[in-house]
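Below is one structure, written out as structure tokens, with a few remarks after it.
The values are calculated or read from the model by the stated rules, or taken from the named source; none is laboratory data. Just so it is clear, the model here is predicted, and its values are computed rather than measured. Positions of Cβ are backbone-derived with ideal geometry, glycine not excepted, and every protein chain shown enters the neighbour counts. In case anyone asks, the SASA skips ligands and DNA or RNA and just uses the protein heavy atoms, side chains included. Shrake-Rupley method; radii C 1.70, N 1.55, O 1.52, S 1.80 Å.
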Amino acid sequence: MGKVFGYPEFDANGEKILTTYDNEYKDMMMDIRVYRMKAGETRSFKRDGEELAVLLLSGNITYAWDGNKETVSRKDVFTEGPWCVHVCTGTEVSVTAEADSEILVQCTKNDTEFAAKLYKPEDAPWGYSCKGKFGNVAKRRVNTIFDHDIAPWSNMVLGEVLNDRGNWSGYLPHRHPQPETYYFMFDRPEGFGASFVGDQVFKSTDGSFSAIPGGELHPQAVAPGFQMYTCWMIRHIEGNPWLQTDRCEDERYTWLHDAEF
């Protein structure tokens with residue numbers, strides 16, 4: 001098994017590499033990178049034999065794809081919803097930074113052709129999960145940009161989580177057979193949390209990521225005083241796509257559903 005947690009840095013060209021098909025995180029079966037872009041800079045993304053999604057994390061950018069062009073902005077991941085362009089094999093997405101910006105690019109192998117789509121904040125509304133449960137310390141806001149129900153032609157899932165300060169997420173401890181990658185950001189640079197991957201625990205910090213192999217339990221927690229953002233990315237397994245109903249909770253903890261606090 002490969003590595004399950006990382007603390008990558010941006011290189012001189014503004015690229016931060018998380019997972020690739022052949023690095024220590026290849027079990028994720030995805031190529032995931034984050035880019036910092038200076039105002040006026042343009043980057044183009046095109047993969048043959050792969051689908052790709054370009055998610056705006058912060059800033060002001062102009063997407064160009066398939067003869068379409070759209071200028072969008074996002075103050076940050078903590079206060080505004082996502083913009084994301086999702087395209088199939090052989091389709092180019094160009095991103096021009098109108099101001100200093102940050103984007104995340106998620107790719108995986110997929111020969112299926114499908115129509116490109118721009119997902120807007122209203123397509124992926126934030127909704128509270130676990131509100132009022134477990135002593136009300138596991139509530140979080142979640143959005144799903146696309147999954148198997150929304151985009152059955154895709155081999156990926158993309159969504160976002162906002163932990164309330166000092167709260168848990170992914171609780172109760174749960175697992176699923178598909179690999180999942182979490183990319184963490186905090187509302188202050190000194191923010192931190194705890195990321196569980198099976199029986200291992202790692203300090204999640206701003207810009208770190210967790211590479212969770214299929215079948216491993218993976219609850220998360222954030223320290224009091226800090227809000228934690230998680231971009232969650234799942235790779236479907238052939239013949240076994242991840243579904244919202246696939247959440248398999250550890251039976252040792254299911255009694256908590258009926259417990260009074």
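Below, the figures for the structure above:
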item	result
Those chymotrypsin sites (Phe, Trp or Tyr not before Pro) in the range 127-222 that DSSP places in a loop and that have at most 15 other beta carbons within 10 Å	Trp153
Contour excess over end-to-end distance, with Cα ends at His257 and Ile17 and 0.36 nm allotted per residue	82.5 nm
Solvent-accessible surface ranking, highest first, for Cys248, Cys231 at 1.4 angstrom	Cys248, Cys231
FRET E, pair Asn240, Ala39, Förster distance 41 Å, beta-carbon r, rounded to 0.05	0.40
Solvent-accessible heavy-atom area per residue, rounded to whole Å², over the chain at 1.4 Å	44
Accessible-area value, Met29, 1.4 Å probe, nucleic acids and ligands omitted, Å²	70
Distance from the range 1-80 to the range 243-257 (C-alpha centre basis), Å	32
Under DSSP loop assignment and at most 16 Cβ neighbours within 10 Å, longest trypsin sites (Lys or Arg not before Pro)-free interval of the chain	166-246
Residue-level accessible surface for Asp206, protein heavy atoms, 1.4 Å, Å²	70
Contact order relative to length of the range 105-261, as percent, for alpha carbon pairs under 8 angstrom and 6 or more apart	26
Spin-label model distance (nm) - Lys69 vs Ala99, 7 Å beyond Cα toward Cβ	2.1
Accessible carbon and sulfur surface of the range 1-120 relative to its total accessible area, %, 1.4 Å	42
Phi-based couplings in Hz for the range 79-86 (Karplus 6.51, -1.76, 1.60; Gly and Pro marked x)	10, 9, x, x, 10, 8, 9, 10
Accessible carbon and sulfur surface of the range 131-261 relative to its total accessible area, %, 1.4 Å	51
Other-chain or far-sequence residues with amide H under 5 Å of Met156's (modelled H)	His236
